[in-house]
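J.: I have a structure here, written as structure tokens, and I will follow up with some questions on it.
The values are calculated or read from the model by the stated rules, or taken from the named source; none is laboratory data. Given the structure is predicted, the values throughout are model-derived calculations rather than measurements. Here the Cβ positions follow ideal geometry from the backbone for every residue, glycine too, while neighbour counts run over all protein chains shown. Accessible surface areas use protein heavy atoms only, side chains included; no ligands, DNA or RNA. Shrake-Rupley method; radii C 1.70, N 1.55, O 1.52, S 1.80 Å.
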Amino acid sequence: MKNTSRRNVAVLAAFALGLGGVALSAQSASATVPDLGQHIAVPAYIPPSDTTSWSSLNSSTSQLGFIVVNVSNGPGSAVDSSWKTVIDAAHAHGTKVLGYVDSGYFGASSPARATVLGDTDATSWTVQAQQDVNRWYSFYGSSIDGIFVDDGMNTCGPTTGSNAYANLYINLNNYIHANHAGSLTVVNPGISVPQCYEDAADVIVSFEGDATTYLSPPTGVGPLPWQLNADPDKFWNIIYNVSSAQLTSVMNQSKSDNAGYVYATADTLPNPYDTAPTGSYWTSEQTASQGTSTTVPSTPAQPYAISVYTTGADLGWTSASSSSVAGYEVYRNGLHVASVGNFTPNDTTYTPVGLTASTSYSYTIRARSLAGVLSAASSAKTITTDVEWGTAASAPGSLASSNLTANGVQLSWTASTVTNDAVAFYDVYENGTRILSLQPTVTSVHLGYLSPGTTYSFYVIARVTSDTPSAASSTVSVTTPTPTPITNALVTFTATNAHFEAQYNLSYTFQNVFIDTDGSTSTGYQIGGIGADYLIENGTLYRSTSGANAWDWTPITLSSGPLTSSSGGLYKWDVPSSTFPSATTTLTVVFDGSGSSTEATLAPITAAKS
């Protein structure tokens, strides 16, 4: 839907699959607060209609580093004009805008999260995430400056010694950087993570929670030792329910916790991110994030090349011995591409990915003090990447399609054979454009976000580690069917139970049931000719908070359900009749699907209590 959906204004996920180590407690009241220059970063899950909040953000100082936007648990099904207006305005103000992408814990949570196509495996989540990344840039162009990956895990892998989970996020991070140069990436575990996640994103959300927890953290909450010794710009702390009286303490604690990015808001659960701070609170927060030192660091030495290969390089430079230098900003051909911590006493190193073979690149660096002051740029170091030296792999074989629906298709192929260089990626092309780059163990994908009644052509190319591409596989063409989006809707209402069901024939992010219990279009959220007092969205029941025509909902906890079944797209929900006001004799219901497919809204269905 064009309105902000419930999922994308929900609390940023902080799902813990297990603690990554022993965390440290809050700093004592007498501890010296580091002179750390921070940036504010805002989860701006704010309806575009909230002009007060957006005006506050777009009149911010340069302390506002980036915001995260979320149209519909991702970029939505097409460009949303309202969102485009606020995204373009924020970018024009000089604020980096990051698009929200759901990783679904790559299917490793319990119970396992499902993609919009209903899959729960890591490969399917990787496919959906890469598609969402590309759609953000396709829909909103240069106004998108990076990607926020939600639902980050916080254990390295499923067993001791395994980095399988961390590698999934590292691979996605490399994909973003390789395909969208200069992107800022963030991953959100919402809690401290072990060092295996250091390369999972440019920035890690290492805390998300309320002020009380932040200022008096229980065991297991707080920064780990490696985080306290790392580049502050690697970490973002998000704290809600922060009163004006707590604001200074919270900001000081974030500096002691070595968080280079911070966000404090007075907003509260169930949705602390649907407004932005304004007035003196917002001014005080921005001021508190600043460092005080104005000392300019010495200009760094020219970077040097440790090694140069076809698609990347290992660069190094002499580290500043001063502890006041927290890190370095790296620029490629004038474009900022990375922030790197100060490795002193060792030389500092940086490894770019996604470079093009036989291409020259110019790198400069600037030192960044703990207070956030930048040095002059170093002398430039020009490198030229290696040629595509490896022998091409054979073309992927036997490309075939199956499981064709209005929004998806399964593609499978046989592995390529190699001569002197291993396969690094299988690239999937849709209508001649590369849309996926998959690990070499993957030879089958469930591809989503197709449009009904549309013809698509697909082929696959294998790339070896030196970037030499194979010949293309055979081409497979499919034409998606055009089903009616929602069919077989049914509502029954008895003295004990209200039953709702409908067949959803497109892949929606949200299966919605809007319920009017008082027969008045002037109360509740207006949609499809009714005023909805209640909403079922996927598996959660909500009640209209204000009773006004606004997207404000309060979740209702039931002993079970309301979702009882969703097999084959047939969704069934049951709600005890006692949940609704006792005077309710009739339910008027609108079934709706929104999110990853074009929204569909049925005409109202009325059911009298029997």
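J.: Please work out the ratio of the alpha-carbon Rg of segment 496-589 to 2.2 N^0.38 Å and round it to two decimals.
T.: Details: Rg = 12.8 Å, N = 94, 2.2 N^0.38 = 12.4 Å.
So the Cα radius of gyration is 1.04 times the expected 2.2 N^0.38 Å.
J.: Assign one of three labels to segment 318-425, namely rounded, prolate or oblate, based on the Cα gyration tensor with a ≥ b ≥ c the square roots of its eigenvalues; rounded applies when a/c is under 1.5, prolate when it is not and a/b is larger than b/c, and oblate otherwise.
T.: Prolate is the answer for segment 318-425, as a/c is 1.5 or above and a/b outweighs b/c.
J.: Next up: If packing is taken as the average number of other Cβ atoms within 10 Å across a peptide's residues, how do 463-472, 248-257, 289-298, 559-568 rank, most packed first?
T.: 248-257, 463-472, 289-298, 559-568
J.: For segment 180-262, what is one quarter of the convex hull surface built on the Cα atoms, given in nm²? It would help to have the intermediate numbers written out before the result.
T.: Details: hull surface 22.7 nm².
For the Cα atoms of segment 180-262, the hull's average projected area reads 5.7 nm².
J.: Something else now. So between Ser401 and Ser307, what do we pick up on full extension, going 0.36 nm a residue minus the alpha carbon distance? Could the numbers behind the result be given before it?
T.: On the way: separation 94, 0.36 × 94 = 33.84 nm, distance 4.17 nm.
Length gained, Ser401 through Ser307: 29.7 nm.
J.: Using the Karplus curve 6.51 cos²θ - 1.76 cosθ + 1.60 with θ = phi - 60°, what ³J(HN,Hα) values do you get for each residue of segment 350-358, in whole Hz, with x for Gly and Pro?
T.: Using θ = phi - 60°, the values come out as 8, 10, x, 10, x, 7, 9, 4, 6 Hz.
J.: Quick check on the chain: helices-only [θ] at 222 nm, where DSSP H runs of length 4 and up contribute -39,500 (n - 2.57) each and the sum goes over total residues. Nearest 500, please.
T.: Estimated from H runs of four or more residues: -4000 deg cm²/dmol.
J.: Follow-up. Over the Cα atoms of segment 55-209, what is the Rg over Rh ratio if Rh follows Kirkwood?
T.: Working: Rg = 15.6 Å, Rh = 16.0 Å.
A ratio of 0.98.
J.: At Thr344 and Ser520, where each label point lies 7 Å from the Cα along Cα→Cβ, what is the point-to-point distance in nanometres?
T.: So the two model labels end up 6.8 nm from each other.
J.: Here's something else I'd like to know. Starting from the Cα of Asp88, move 7 Å in the Cα-to-Cβ direction to define the label point; list residues of segment 124-156 whose amide nitrogen is under 12 Å from there.
T.: Residues 140-143 qualify, since their backbone N sits under 12 Å from the label point.
J.: Next up: Between Asn420 and Ser138, take the C-beta separation as r, use R0 = 41 Å, and let me know the FRET efficiency to the nearest 0.05. Don't jump to the answer; show the numbers that get you there.
T.: On the way: r = 37 Å, r/R0 = 0.89.
That gives a FRET efficiency of 0.65.
J.: Based on the alpha carbons, how large is the Rg to Rh ratio for segment 227-276 when Rh follows Kirkwood?
T.: Details: Rg = 11.7 Å, Rh = 11.4 Å.
Rg divided by Rh gives 1.02.
J.: In nm, give the distance between the simple-model label positions of Ser358 and Ser162, each being 7 Å from the Cα along the Cα-to-Cβ direction.
T.: 4.3
J.: Here's another thing I want to ask about it. Taking the alpha-carbon set of segment 473-536, what are its Rg and Dmax in Å?
T.: 17.4, 61
J.: Specify, per residue and in Å³, the volume enclosed by the convex hull of the alpha carbon atoms belonging to segment 263-379.
T.: Numbers: hull volume 18.3 nm³, N = 117.
Per-residue hull volume (Cα only) is 156 Å³.
J.: If I stretch the segment between Thr554 and Thr52 completely, what's the gain in nm (0.36 nm per residue apart, minus their alpha carbon distance), one decimal?
T.: Details: separation 502, 0.36 × 502 = 180.72 nm, distance 2.27 nm.
Between Thr554 and Thr52, full extension yields an extra 178.5 nm.
J.: Now for a separate question. Taking the alpha-carbon centroid of each part, what is the distance from segment 437-487 to segment 285-342 in angstrom?
T.: After rounding, the separation between the Cα centres reads 40 Å.
J.: Output wanted: per-residue J couplings in Hz (rounded whole) for segment 399-406, from phi through Karplus 6.51 cos²θ - 1.76 cosθ + 1.60, θ = phi - 60°, x for Gly and Pro.
T.: Per-residue couplings from phi come out as 4, 9, 10, 7, 6, 6, 10, 5 Hz.
J.: Which value, in nm² and rounded to one decimal, describes the direction-averaged projected area of the C-alpha convex hull of the chain?
T.: 28.0
J.: In the chain, what percentage of the DSSP-assigned beta bridges are antiparallel, given to the nearest 5? Kindly include the intermediate steps, with their values, before the conclusion.
T.: Details: 93 of 124 bridges.
For the chain, the DSSP antiparallel bridge percentage is about 75.
J.: Under 15 Å from a point placed 7 Å out from the Cα of Ser324 along the Cα-to-Cβ direction: which residues of segment 214-233 have their backbone N that close?
T.: No residue qualifies, since no backbone N sits under 15 Å from the label point.
J.: Over all directions, what mean area does the Cα convex hull of segment 152-204 project, stated in square nanometres?
T.: Details: hull surface 13.2 nm².
Taking the Cα atoms of segment 152-204, their convex hull projects to 3.3 nm² on average.
J.: Give me the base-10 log of I(q)/I(0) for segment 280-345 at each q in 0.12, 0.22, 0.24, 0.26 Å⁻¹, Debye formula, one uniform scatterer per Cα, rounded to two decimals.
T.: Values returned for q = 0.12, 0.22, 0.24, 0.26 Å⁻¹ are -0.47, -1.07, -1.17, -1.26.
J.: Three principal axis extents, largest first, for the C-alpha atoms of segment 306-373, in Å?
T.: Projected onto its principal axes, the Cα set of segment 306-373 covers 38, 23, 14 Å.
J.: So if I take the centroid of the Cα atoms in segment 497-561 and the same for segment 217-254, what is the distance between those two points in Å?
T.: Going from one Cα centre to the other spans 37 Å.
J.: On the full set of protein chains, 1.4 Å probe, figure out the accessible area of Trp54 and give it in Å² to the nearest 10.
T.: 10
J.: Above 16 angstrom, tally the Cα pairs of segment 407-455 and express them as a % of all pairs, no decimals. Can you show the working numbers first?
T.: Details: 552 of 1176 pairs.
It works out to 47 percent of all Cα pairs.
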